[in-house]
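So the structure is just underneath, and the comments pick up after that.
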Amino acid sequence: MPGVDHCLQEAMTIPGAVGASIVDYTTGFPVATTGAAPNSDHEAAAAGTAEVVQAATSRSLFVSAIPHDLLEDLIITTAGGYHLLRLVPTEFDSRLVLYVWLDRVRGNLAVARRKMQRLADELVARQ
Amino acid sequence: MSPTRTAAAPGDLLLQASDTRQTGALVVAGNPGGAVYLVEGRVMYAESPAAPGVGELLTSSGRLAGRTWQQALDIGGTTARVGRLLVEQGHLTQGELELCVLGSTYDAAYFVLSDRSAPAEFRAGATHWLGQVVHIDAAAVDHEVGRRIQLLDDIFPNPRIDVAPVIPVSRPPRERITVTAPQWELLVQADGQRTPADLAQLLGRAGYAIIQELRRMAAAGLIELPEERVPDTPEFVRLPHPRGGSAPLDRPTAGRSSAAPVSPPVVFVPDPTPAPAPIPELGVPEIHIPEPHLPEPRIPEPHIPEQNAGPNRPRLARRKPGAKLPREFADEGPQVHQGTDEVLLKRIRTALRALR
């Protein structure tokens, strides 16, 4: 049975993965973390992640362009890395996002995105 | 072992028990109070009346049928393995269970530990029927509670909002307001009596997420600020606010009849600009209003399409700007309220008397 820790372990097997965490984006709290975090600070990274997700869901209008549209991924690229955020769609009220930090040279965006989609769905049994 | 009672803050007591690797429950009294459960010094669960527990979250969202939950509770409650049972029987994945327990534990811990003056005691040996699903470092929990308190104060520093009944302002402070989906849910359900804890239970949302939204709404001026309660005064019960398209119920009827003598008999004259009657909407039932648009409800622009799908779907589909109302609604005219007829007849009578 894939639990939270197993999900993060799997996330670390994505080519180029440097660190991963599951973040509650209402509070900016890292529910679970593994590996490295930007500036070696998972908490600060989680708080920043939460702000980015909040901005995309409530302050910009991308998600409201089509009725019943939902945010899936946020992908931030920097010169040195990729930062992928995948929303974890739980049926009960929890607002969680899976965050994976990838090394720019070793990471592959498309592969990582597909893998994260599968991990997030497996975690809450959405096939 | 006998319960240990100290004057220390709940958070300090928790760390103390954690350092000595104790198993038991830290029970905190007060409003809202609650309990944090430890197994060998690590937090396994927390519960508080202000935060919906795992069962409420799973059932109110429809993730589990109430029956399924009750069954697991009946079978696994006494042996403290309700959580494990639900996973073994295939109702939940391990991931879902862990995430749900983690979320509700941190949520409840905020309410249990945030009031540092609340009386607390540690009951050694107490366990929770959910069983051990997760284990969290007690220091991390305590630290997170502190961070959440700070987070709320950064939004709007008024802790009274967290416990007082939620009253939406009847008139928004600005011409255009934007609310998020969770804020909309709160505004729809807040009837002037429900407290944030009631709303959290009702909506099946984390208690902390609710008060976070409430503080944001208070900062935006969308809910009334709770009054500072003077000690030794009874707390008055507030009646629910009238909602929807109905007229305010608290309009005094006496005002209508006493105002009647001065108003000219505008009722039968199809004059679009009648003399200023004190209560204009009473004069118009007979005159057909030039533009029969019903008053539009407050619309938070972009969220409407998603919200309309729910069971609270309004009677009318949303019209395009300038579109005509369907016949059956357009012909209804303004809503006539009970008692209007009598008041109208009185006004006609006094007007006729004035003509004599």
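The values are calculated or read from the model by the stated rules, or taken from the named source; none is laboratory data. Please read these numbers as outputs of a predicted model, since none were measured by experiment. Note that we place each Cβ from the backbone using ideal geometry, even for glycine, and neighbour counts take in every protein chain shown. Ligands, DNA and RNA are stripped out before the accessible areas are found, and what is left, the full protein with its side chains, is counted by its heavy atoms. Shrake-Rupley method; radii C 1.70, N 1.55, O 1.52, S 1.80 Å.
Descriptive notes on the structure:
- More than 13 Å apart - percent of Cα-Cα pairs taken over segment B:159-219: 58 percent
- Mean projected area (nm²) of the alpha-carbon convex hull when segment B:4-150 is viewed from all directions: 8.3 nm²
- Each listed q (0.08 Å⁻¹) maps to a log10 I(q)/I(0) for segment B:100-237, found by the Debye formula over equal Cα scatterers with no solvent: -0.26.
- Take the Cα of residue B:169, step 7 Å toward its Cβ, do the same at residue B:188, and the gap between the two points is 2.3 nm.
- Close amide H partners of residue A:29, meaning residues 5 or more places away or on another chain with modelled amide H under 5 Å apart, are A:24.
- Applying 1/(1 + (r/R0)^6) with R0 = 56 Å to the Cβ-Cβ distance of residue B:67 and residue B:346 gives a FRET efficiency near 0.45.
- Average silhouette area of segment B:106-165, convex hull of alpha-carbon atoms, in square nanometres: 5.7 nm²
- Percent carbon-and-sulfur accessible area, segment B:159-219, ignoring ligands, DNA and RNA, probe 1.4 Å: 50 percent
- Excluding ligands, DNA and RNA, the accessible surface per residue across chain A is 48 Å² with a 1.4 Å probe.
- Counting 0.36 nm for each residue step from residue A:106 to residue A:44 and taking away their Cα separation leaves a gain of 19.8 nm.
- Peptide B:87-98 has a mean shielding of 6, counted as Cβ atoms of other protein chains within 10 Å of each residue's Cβ.
- Nitroxide proxy distance, nm - points 7 Å out along Cα→Cβ at residue B:219 and residue A:62: 2.3 nm
- Heavy-atom accessible area for residue A:57, with the other protein chains in place and a 1.4 Å probe, reaches approximately 40 Å².
- Residue B:56 accessible area, 1.4 Å probe, all protein chains in place, Å² to nearest 10: 80 Å²
- When the accessible areas of A alone and B alone are added and the area of the pair subtracted, with a 1.4 Å probe, the result is around 2500 Å², both sides summed.
- Restricting the calculation to Cα atoms, segment A:19-127 shows an Rg/Rh of 0.95 when the hydrodynamic-style radius is the Kirkwood one.
- Across all C-alpha atoms in segment B:80-121, the radius of gyration and Dmax reach 14.3, 43 Å.
- Net charge in the neighbourhood of residue B:41 (other residues with Cβ under 11 Å of its Cβ; Lys, Arg +1, Asp, Glu -1) is -1.
- Largest accessible area first, the residues B:156, A:62, A:29 order themselves as A:62, B:156, A:29 under a 1.4 Å probe with ligands, DNA and RNA left out.
- Set the Cα radius of gyration of segment A:1-61 against 2.2 N^0.38 Å, with N its number of residues, and you get 1.19.
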